[in-house]
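See below for the structure under consideration.
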Amino acid sequence: MISVEGLKVEFGVKPLFSDASFVINERDRIALVGKNGAGKSTMLKILCGQEHPTAGSVNVPVDTTIGYLPQVMILQDDTTVREEAQKAFADIQKVKDRINRMEQQLNERTDYDSPEYMALVEKFTNEHERYLLMGAEGYEAEIERTLAGLGFLRSDLERPTSEFSGGWRMRIELAKILLRRPDVLLLDEPTNHLDIESIQWLEQFLAQSSSAVVLVSHDRAFINNVSNRTLEISCGRVIDYRVKYDEYVTLRRERREQQIRAYENQQKEMADIREFVERFRYKPTKAVQVQQRLRQLEKMVPIEIDEVDNSALHLKFPPCLRSGDYPVICDEVEKEYPGNLVFSHVNLTIKRGEKVAFVGKNGEGKSTLVKCIMGEIPFKGNLKIGHNVQIGYFAQNQAQLLDESLTVFQTIDNVAKGDIRLKINDILGAFMFGGEASDKYVKVLSGGERSRLAMIRLLLEPVNLLILDEPTNHLDMPSKDVLKEAIKAFDGTAIIVSHDREFLDGLVTKVYEFGGGHVVEHIGGIYDFLRDRSEKLELRGERMEFKNEKPIVDTETKSNTTPDQANHSPQSASPKQDYAAHKEQQKQLRKAERTVEESEKKISKMETRLKELDALLCDPKNACDMTLVTEYTDIKKALDEEVERWESLSEEFEAIKSTL
């Protein structure tokens with residue numbers, strides 16, 4: 001579909017990447033990965049034609065359409081949400097306008113027998129058929145489904161886009177791109193402003209879409225669920241792994257081990273050559289051999305090793321005072337703004353040492369409750385902070401409180417105590433401040449860089465209650481791993497507001513769900529919560545379109561597992577097999593459902609056409625038109641066959657559904 005040959009991009013002395021060649025095929029789901037600054041966003045801009053490479057070519061067929069979602073874009077504020085989304089169907093609207101004009105002409109003209117009138121009728125019929133084939137009849141419903149999937153309420157659709165935050169307006173742009181159904185989707189951090197429900201909806205949408213997808217994301221669960229192929233930009237090269245992200249991680253580890261062995265062998269060989277040259281440099285009898293060795297040394301191309309994975313770095317919070325048994329207790333807490341009840345009757349108790357997550361759609365009050373705990377805003381009810389509690393709070397505005405006159409290194413050096421001071425450079429490297437970046441002054445850092453620096457600073461402060469509001473927004477995957485391991489090893493209590501399922505998995509033991517003005521407690525991890533929530537929705541008859549929970553370990557199997565087995569294999573073989581079988585059944589169910597829906601659409605189109613033909617044949621002047629008669633007969637026969645097929649497919653669908 002898109003062919004990339006010999007691509008090279010230079011912004012300085014060293015190329016960002018060179019000699020990159022690959023092909024994007026139909027239905028490819030490509031995860032574009034690499035460390036920050038490797039050139040992922042640049043690659044997407046080149047693929048969509050916004051930037052041009054230094055050398056090489058990107059070949060896109062003339063009829064191939066591309067949809068590109070950048071991280072940052074200029075947004076318009078002069079329309080409602082619905083009107084902005086309708087721009088995705090500009091082509092359909094043009095066809096509709098042409099049809100309306102022709103229909104008006106047909107109503108106004110009276111020269112029914114003239115060739116011009118018949119030509120207009122034929123043109124009207126062709127345009128109307130084209131209009132129906134474009135799916136025009138259901139595009140308003142499709143707009144509503146897509147916007148609902150991305151978190152909008154029906155009442156939001158008539159609101160001006162200017163009333164929404166930048167994150168919500170980015171969702172509108174994402175909706176427009178998805179609604180256009182381009183042949184290739186290029187998505188740069190599409191989950192940055194989405195909640196868990198919207199991320200899962202987007203996963204399902206991309207899985208069912210016929211478009212090829214190339215995406216950049218630091219959400220490991222998202223890219224693993226979507227991808228079937230991984231392109232890595234590393235050491236100035238693009239390496240193609242034709243596997244999903246999780247498998248790529250394993251292959252990359254093996255590749256790096258091979259690189260290290262090859263590098264060590266090369267270094268030993270080069271050392272042996274230098275030793276020979278030094279030993280025999282001044283012996284005339286060895287002059288020829290010395291020159292040969294020197295030429296051999298010059299021809300050797302140094303073996304490069306992929307960037308070091310800093311996720312192996314272990315970071316531990318400094319010792320802190322022991323807090324009371326219950327660091328946070330909420331009793332009938334309520335927060336209301338004029339005309340907007342955020343939440344009420346909030347009753348929760350967080351015990352010392354617990355790691356809990358606050359989840360829910362954006363705007364449901366997660367950050368608001370955090371601000372209540374911090375005492376930043378007034379509220380009703382009782383909220384008690386336990387004895388001897390020392391709070392470490394990370395929010396987006398924390399980055400603005402850093403001293404701009406200090407360098408990155410000085411900022412961390414001022415809070416580091418004891419042995420941790422010896423690891424400052426390693427810590428900075430793990431959070432993408434390695435090398436010369438540690439000498440930058442805070443005043444020249446971007447918003448994302450300041451957020452990372454504020455996070456490092458928090459990690460080194462002696463606190464016993466951590467409150468982290470979207471801590472992973474500006475972190476790459478290795479940095480997130482470092483943070484996650486540090487929080488897991490943290491002796492104190494942690495409250496984490498996050499939409500990153502992979503980050504929360506294995507980290508939290510309790511989930512508080514915010515929604516509809518209530519806060520509901522769920523015991524268990526993030527995937528336990530998602531699974532239970534999905535089951536409740538199904539019991540209420542609300543279809544959960546996409547489920548990607550982790551394997552479930554049943555209690556009987558778990559109880560028969562020895563501690564040693566449990567350490568090496570979190571799930572026994574039987575639950576994995578059960579889960580795989582369940583997933584296969586779900587796959588068959590979705591496939592059968594799609595087939596039934598496609599059949600229903602065909603039937604609907606044929607019935608619509610038959611009504612049109614009925615109307616035409618009722619006109620005396622068309623009574624002897626054999627073309628219309630033949631078409632009517634053929635469609636009627638095809639309709640009868642399709643109805644029989646639909647009945648058979650429906651029975652299959654119900655049979656599969658009954659086995660679940």
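The values are calculated or read from the model by the stated rules, or taken from the named source; none is laboratory data. Being a predicted model, the structure only gives us computed values, none of them experimental. Using ideal geometry, Cβ is built from the backbone for each residue, glycine included, and neighbour counts are taken over all protein chains shown. Areas reflect the complete protein model, heavy atoms only, side chains present, ligands, DNA and RNA absent. Shrake-Rupley method; radii C 1.70, N 1.55, O 1.52, S 1.80 Å.
Among the lysines, select those whose C-alpha is under 23 Å from the C-alpha of Lys384, and discard any that sit fewer than 8 residues away in the same chain.
Those lysines meeting the cut-off are Lys335, Lys351, Lys355, Lys366, Lys371, Lys510.
Write down the percent of antiparallel bridges among all DSSP beta bridges whose residues are both part of the chain, to the nearest 5.
On the way: 35 of 69 bridges.
Restricted to the chain, the bridges split so that about 50 percent are antiparallel.
Let me check I've understood the local charge: for Gly381, count other residues with C-beta under 13 angstrom from its C-beta, Lys and Arg +1, Asp and Glu -1. What total comes out?
-1
Could you look at the chain and say what percent of its accessible area is carbon and sulfur, using a 1.4 Å probe and all protein chains?
Numbers: 17340 of 34860 Å².
For the chain, the apolar C and S fraction of the accessible surface comes to 50 percent.
How far, in nm, would the chain grow between Ala55 and Ala655 when pulled straight, counting 0.36 nm per residue and subtracting the alpha carbon separation? Please report the intermediate quantities before stating the final value.
Values: separation 600, 0.36 × 600 = 216.00 nm, distance 5.66 nm.
Residue separation times 0.36 nm, minus the Cα-Cα distance, leaves 210.3 nm.
Relative to the longest principal axis of the chain, what angle (0 to 90°, nearest 10) does the C-alpha long axis of helix 90-108 take?
Compared with the principal axis, the helix lies near 10 degrees.
Output the 0 to 90 degree angle, nearest 10, between the alpha-carbon long axis of helix 245-280 and the longest principal axis computed from the alpha carbons of the chain.
With rounding to tens, the tilt is 40 degrees.
To the nearest 10 degrees, how steep is helix 139-149 against the longest Cα principal axis of the chain, on a 0 to 90 scale?
20
Give the label of the value calculated from the structure for Cα extents along the principal axes in Å, choosing from (1) 105, 86, 57; (2) 123, 64, 60; (3) 87, 85, 44.
(1)
Find the accessible area per residue for the stretch 147-301; the probe is 1.4 Å, ligands and nucleic acids are left out, and the unit is Å². Don't jump to the answer; show the numbers that get you there.
On the way: 7400 Å² over 155 residues.
I get 48 Å² per residue for the stretch 147-301.
Say R0 is 25 Å: what FRET efficiency, to the nearest 0.05, do Lys637 and Ala615 get from their beta-carbon distance? Intermediate values should be presented prior to the final figure.
Working: r = 20 Å, r/R0 = 0.80.
Here the calculated transfer efficiency is 0.80.
Quick one: compute the contact order of the chain, relative version, from alpha carbon pairs under 8 angstrom and 6+ residues apart, as a percent. Numbers along the way, then the final one.
On the way: 965 pairs, mean separation 78.8, N = 660.
Normalised by residue count, the contact order of the chain is 12 percent.
Please turn the phi angles of the stretch 634-651 into ³J(HN,Hα) values with the Karplus equation 6.51 cos²θ - 1.76 cosθ + 1.60 (θ = phi - 60°), one per residue in order, whole Hz, x for glycine and proline.
5, 5, 4, 5, 4, 5, 4, 5, 5, 4, 4, 5, 4, 4, 5, 5, 5, 5
Determine, for each peptide in 453-466, 322-335, 221-234, 347-360, the mean count of other beta carbons within 10 angstrom over its residues, then list the peptides with the highest first. Please list the in-between numbers first.
Numbers: 453-466: 21.3, 322-335: 17.7, 221-234: 22.8, 347-360: 19.3.
For the peptides 453-466, 322-335, 221-234, 347-360, the packing ranking is 221-234, 453-466, 347-360, 322-335.
If the only charges are +1 at each Lys and Arg Cβ and -1 at each Asp and Glu Cβ, what is the size of the charge dipole of the chain around the Cα centre, to the nearest 20 debye? Walk me through the intermediate numbers first.
Numbers: 91 positive and 111 negative charges, 633 e Å.
Charge dipole, the chain, about its Cα centre: 3040 debye, nearest 20.
Would you list, by chain and number, the lysines whose Cα falls below 23 Å from the Cα of Lys96, excluding same-chain residues fewer than 8 positions away?
Excluding near neighbours in sequence, the set is Lys87, Lys123, Lys176, Lys601, Lys602, Lys605, Lys611.
Sum up the charges of everything whose Cβ sits under 15 Å from the Cβ of Glu513, counting Lys and Arg as +1 and Asp and Glu as -1, but leave Glu513 out.
Working: positive: Lys361, Lys366, Arg501, Lys510, Arg531, Arg533, Lys536; negative: Asp195, Glu197, Glu364, Glu521, Asp528, Asp532, Glu535.
Overall, the nearby charge balance is 0.
Net charge within 15 Å of Glu275 by Cβ-Cβ distance, Lys/Arg positive one each and Asp/Glu negative one each, not counting Glu275 itself?
Values: positive: Lys268, Arg274, Arg279, Arg281, Lys283, Lys286, Arg293; negative: Glu269, Asp272, Glu278.
With Lys, Arg at +1 and Asp, Glu at -1, the neighbours total +4.
May I ask which residue of Leu475, Leu120, Ser162 lies farthest towards the positive end of the charge dipole of the chain, with charges of +1 (Lys, Arg) and -1 (Asp, Glu) on Cβ and the Cα centre as origin?
Of Leu475, Leu120, Ser162, it is Leu475.
Show me the ranking of peptides 186-193, 209-216, 589-596 by mean Cβ neighbours inside 10 Å, starting with the highest. Mind dumping the intermediate values first?
Numbers: 186-193: 22.0, 209-216: 20.2, 589-596: 15.6.
My ranking of the peptides, most packed first, is 186-193, 209-216, 589-596.
So, by mean Cβ neighbours within 10 angstrom, what's the order for 196-205, 609-618, 284-293 with the highest one leading?
Averaged packing, sorted descending, gives the order 196-205, 609-618, 284-293.
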